[in-house]
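Engineer: One structure is given below, represented as structure tokens, and several questions about it will come after.
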Amino acid sequence: LPAVVGTAELLNHVKNGDIIVVDGVTGQVIVNPDEATLKRFHERKVELKRQARKLERLRNLPAMTRDEVQISLQANIDLPGEIDGALEHGAEGIGLYRTEYVFLNRDDVPTQDEQYVELRNIIEGMKGRTVTVRTLDVGNDKLPYSLGEHLGVSANPAMGLRAIRLSLKVQSLLENQLSAILRAGIHGPVRILIPMISTSSEMRQVRQIMKKVATRLRRKKIKIADPLPPVGAMIEIPGAALSADGLARDCDFFSIGTNDLTMYTLAIDRGDEQVAHLYSPLHPAVLRLIQFTTAAALRARIPVNVCGEMAGDERMTAILLGLGIRDLSMASAAVPRVKQRIRGLDLSEATRRAQTIMEQADSGMVAALLDDFNALA
Ligand code: PEP
Ligand code: MG
């Protein structure tokens, strides 16, 4: 479904029965378009469908660059029902399952068994492909009613009790999630991803809790994944990115969350339309953090991927690959477009362009150099 957000005044200008054009690609919303505009958008819709059908033909082709470097493309999902779309679009696995959606829009906390069944369905549905399960990332913009008593009121919720901070405070939440994941892990390959990590000690605490949970389950003769799944950190806080070399010692993998990383690096709330125009993952500071994190992961020989929106934007593919990323996770619908971009791209040229881009001082210049490179393809 096409969607545009941050249209604050719009509801004052529309009434029932109005025709509205919603262009989710450009962010344009047109109320009661004239005949010519309507015709233009109808044609565009037909053209987009035609392109999508053409892209679907790429489903069984590898995501390989022109100079034959294989890139892994995975899907982000928020709900179990989305795995069909992931498979249809040719995703190699689930790079990010945001478990918080199972907690939203309900009055109670899902039980461990309920979480286990959801996970088992996803893992079985992915038929041997790896599923990366992220533990609860609530707080800030995602507030389940059932956890209200723990979340309290914060003047700065984006910097408050959210994600792993909440899971470590209310440990029963984390224990239940980890138990469900370990149990579901007997049905196929899983990885555990921890959101909003800022220090190594948080990772060590998670591992200790996982061991405790595993011992408890084994004692009850409940089957669990053996060996225990890899545990990785979301790199989405600038401080985590800048200490990625140290963090890597306690992580089995990294997943770079460019949505929050951009927000915290530039101090721009991604949901606030008054400053949204300043939000740019192409800001040199954000790119440097991605570069540093990727280099640290490569040195430590642990896998690293990007799972923020940037990964699903084919205009950004060249810079991410040029910075050393070989694994991208995105909304399923973006997989074919990104694959097409990868198949038309020469990695050694992208790497050279990335070096030039990294010398730039502002996102405008970065975007111009990137657009110019994309236009060559
Ligand atoms: C991110 O921050 O980039 C990310 C993938 O996590 P979320 O969008 O769920 O915060
Ligand atoms: Mg995030």
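Engineer: Which numbered condition trips up ALA318, out of (1) assigned to a helix (DSSP H, G or I); (2) in contact with a Ser or Thr (Cβ under 9 Å, 6 or more places away or on another chain); (3) under 25 Å from ALA63 (Cβ atoms); (4) more than 16 Å from ligand 2 (Cβ to nearest atom)?
Structural biologist: It is condition (2) that ALA318 fails.
Engineer: So which residues in region 324-337 are assigned to a loop (DSSP other than H, G, I, E, B) and open to solvent by less than 20 Å² (accessible area, probe 1.4 Å), if there are any at all?
Structural biologist: Residues satisfying the conditions are GLY324, ILE325.
Yes/no matrix, rows are residues, columns are (1) in contact (Cβ under 8 Å) with a residue 40 or more places away in the chain; (2) in a helix (DSSP H, G or I):
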residue	(1), (2)
VAL22	no, no
ARG40	no, yes
PRO110	no, no
GLN115	yes, yes
ILE122	yes, yes
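Engineer: How about region 295-304: which of its residues are open to solvent by 60 Å² or more (accessible area, probe 1.4 Å), over 23 Å from MET330 (Cβ atoms) and either within 16 Å of ligand 1 (Cβ to nearest atom) or in a helix (DSSP H, G or I) (or both)?
Structural biologist: ARG299
Engineer: What number of residues within region 256-279 are open to solvent by 50 Å² or more (accessible area, probe 1.4 Å), touching a residue at least 24 places away in the same chain (Cβ under 8 Å) and either more than 17 Å from ASN156 (Cα to Cα) or in contact with a Phe, Trp or Tyr (Cβ under 7 Å, 6 or more places away or on another chain) (or both)?
Structural biologist: Residues flagged as open to solvent by 50 Å² or more (accessible area, probe 1.4 Å), touching a residue at least 24 places away in the same chain (Cβ under 8 Å) and either more than 17 Å from ASN156 (Cα to Cα) or in contact with a Phe, Trp or Tyr (Cβ under 7 Å, 6 or more places away or on another chain) (or both) within region 256-279 amount to 1.
Engineer: Here's a follow-up. Considering only region 287-294, I want to know if a residue exists there that is among the hydroxyl-bearing types (Ser, Thr, Tyr), crowded, with 22+ Cβ neighbours inside 10 Å and part of a helix (DSSP H, G or I).
Structural biologist: Restricting attention to region 287-294, the residues satisfying the condition of being among the hydroxyl-bearing types (Ser, Thr, Tyr) are 293-294.
Next cut, crowded, with 22+ Cβ neighbours inside 10 Å only: 293-294.
From the residues that got through so far, the ones that are part of a helix (DSSP H, G or I) too are 293-294.
Yes, some residue in region 287-294 is among the hydroxyl-bearing types (Ser, Thr, Tyr), crowded, with 22+ Cβ neighbours inside 10 Å and part of a helix (DSSP H, G or I).
Engineer: Now, a different point. Return the residue satisfying two criteria in turn: it lies in region 53-86 and is in contact with a Phe, Trp or Tyr (Cβ under 9 Å, 6 or more places away or on another chain) and assigned to a loop (DSSP other than H, G, I, E, B), and of such residues it is most open to solvent (accessible area, probe 1.4 Å).
Structural biologist: LEU79
Engineer: Okay, moving on. Filter region 236-255 down to the residues that are open to solvent by less than 10 Å² (accessible area, probe 1.4 Å) and within 10 Å of ligand 2 (Cβ to nearest atom), then identify the one that is farthest from VAL304 (Cα to Cα).
Structural biologist: Ranking the candidates gives GLU236 first.
Engineer: For region 254-286, how many residues meet the condition of being away from ligand 1 (no atom under 13 Å from the Cβ) and assigned to a helix (DSSP H, G or I)?
Structural biologist: Count: 6.
Engineer: So for region 2-10 (the condition being outside any loop (DSSP other than H, G, I, E, B) and open to solvent by 70 Å² or more (accessible area, probe 1.4 Å)), does at least one residue qualify? It would help to see each step written out before you state the result.
Structural biologist: The first filter runs over region 2-10 and keeps only residues outside any loop (DSSP other than H, G, I, E, B), leaving 10.
Still in the list and also open to solvent by 70 Å² or more (accessible area, probe 1.4 Å): none.
Within region 2-10, none of the residues are outside any loop (DSSP other than H, G, I, E, B) and open to solvent by 70 Å² or more (accessible area, probe 1.4 Å).
The values are calculated or read from the model by the stated rules, or taken from the named source; none is laboratory data. Everything quoted here is computed from the prediction, not taken from an experiment. In this analysis, Cβ positions are derived from the backbone assuming ideal geometry, glycine residues included, and neighbour counts consider all displayed protein chains. Protein only, heavy atoms only, side chains kept; ligands, DNA and RNA dropped before computing areas. Shrake-Rupley method; radii C 1.70, N 1.55, O 1.52, S 1.80 Å.
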